[in-house]
Amino acid sequence: MINQLIALVVLFITFSSFGQIDSAFVEHLSREKLKIEHWTYLNSFETKNDSTSYYISKYHLQYGEDSSFLSSLSQSHSLILSDRLVVDYANHYFLPKDNSFSDQWFNTIQAKPNATTGIPFIYYSAYNSNEVDINLIPENLKRDFLRLQRADRKSPLLAATFSTIVPGSGKLYIGSARSFLITFVSLSILGLQTWESYSRFGVKHPLTIINGGLFSLYYVTNIFGSYRETKTKKNNRRKQYLIDASNHYHTTSTTRLY
């Protein structure tokens, strides 16, 4: 182990003394997943040029350092985007993440892909499902895509409005029949209890106040719940679509950085 470390130190000094990165050595460090040695070598160069930034970007991508990778793109943009292996690797890596880092990466490639195939197009379709022709979607992803389309067509505000008129109907509108029945029956029972206590004891009686408070609270919750559930369903459908798309592309292609 000590001999290996000494050998690596000698190699660091030897390669850095030439003032340029040895790509074969970097590939060796990457393949063997020697993270510390990899990072030490890349930072052994006093002058940071486009080539150094390019390899540093690849390092961040390999080890899942999303923020650092995207930050380093500003210094290695042209080299990274001209390397098909890196672009494909990053596409596969960011596709299922569905977060701000994914948005930043795919917008860096192209906000709206010209091509109607491949991972950038699939990512675009996940956020613009109603603008995409389903015939352009791979066959084994069409079912998830149709579910996403249906969810995207539902308006949270309309769901909340429906639940204001008829308790729980906003959930029926988005396809959650079970939630609708539970909400409707529960509010109906609370409403009847409130009316009964009001009829028997009057509006100022503690039982009437408690029942009325519970009914009001649950009624308002039903409205906001329909709004929130509509948005949650959209997000869940999108996440599932992206996960299945990621699995699809992992089985049909291989990725590597070097």
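The values are calculated or read from the model by the stated rules, or taken from the named source; none is laboratory data. Just so it is clear, the structure is predicted and the values come from calculations on it, not from any experiment. We place every Cβ from the backbone using ideal geometry, glycine too, and count neighbours over all the protein chains shown.
Can you name every residue in the range 1-44 that is modelled with pLDDT of 85 or more, among the small types (Gly, Ala, Ser) and in a loop (DSSP other than H, G, I, E, B)?
Kept after step one, since they are modelled with pLDDT of 85 or more, are these residues of the range 1-44: 21-44.
This time we only want the ones that are among the small types (Gly, Ala, Ser), so: 23-24, 30, 44.
Result: Ser44, single match.
Considered as a group, the residues in the range 36-68 that are among the β-branched types (Val, Ile, Thr) and over 23 Å from Ser78 (Cβ atoms) include one that is nearest to the chain's Cα centre (by Cα), and that residue is Ile36.
Considering only residues that are within 14 Å of Ile137 (Cβ to Cβ) and polar (S, T, N, Q), look in the range 109-126 and name the one that is modelled with the highest pLDDT. Ranking the qualifying residues of the range 109-126, first place goes to Ser125. For Ala115, the conditions (1) in a helix (DSSP H, G or I); (2) within 21 Å of Thr254 (Cα to Cα) all hold with the exception of (1).
Given the structure, is Ser226 modelled with pLDDT of 95 or more, of a type in the set (Gly, Ala, Ser), closer than 21 Å to Leu158 by Cβ and part of a helix (DSSP H, G or I)? Break it down into steps so the answer makes sense when it comes.
Numbers: modelled with pLDDT of 95 or more: yes; of a type in the set (Gly, Ala, Ser): yes; closer than 21 Å to Leu158 by Cβ: yes; part of a helix (DSSP H, G or I): yes.
So Ser226 fits the description; yes.
Scanning the range 45-67 for residues that are exposed (fewer than 14 other Cβ atoms within 10 Å of the Cβ) and among the polar types (S, T, N, Q), we see that the one that is modelled with the lowest pLDDT is Thr47. Here Ile122 qualifies as under 17 Å from Ala245 (Cα atoms), of a type in the set (A, V, I, L, M) and in contact (Cβ under 8 Å) with a residue 12 or more places away in the chain. Looking across the range 122-141 at every residue that is over 15 Å from the mean Cα position of the chain (by Cα) and closer than 24 Å to Thr255 by Cβ, the one that is surrounded by the most Cβ atoms within 10 Å (Cβ to Cβ) is identified as Ile137.
Can you find a residue that is surrounded by 13 or more Cβ atoms within 10 Å (Cβ to Cβ) and touching a Gly at 6+ places or on another chain (Cβ under 7 Å) anywhere in the range 191-199?
Of the range 191-199, the ones surrounded by 13 or more Cβ atoms within 10 Å (Cβ to Cβ) are 191, 193-198.
Within this subset, residues satisfying the condition of being touching a Gly at 6+ places or on another chain (Cβ under 7 Å) are 194.
Yes, the range 191-199 has at least one match.
Residues in the range 71-107 that are in a loop (DSSP other than H, G, I, E, B) and loosely packed, with under 15 Cβ neighbours inside 10 Å were compared, and the one that is modelled with the highest pLDDT is Ser82.
In the range 236-258, how many are outside any loop (DSSP other than H, G, I, E, B) and within 10 Å of His92 (Cα to Cα)?
So the first thing to find is which residues in the range 236-258 are outside any loop (DSSP other than H, G, I, E, B), and the list is 236-252.
Subsequent filtering for residues that are within 10 Å of His92 (Cα to Cα) retains 245-247, 249-250.
Total satisfying the criteria: 5.
Being more than 30 Å from Phe121 (Cα to Cα) and not in a helix (DSSP H, G or I) holds for only one residue in Lys154, Lys171, Lys204, and it is Lys204.
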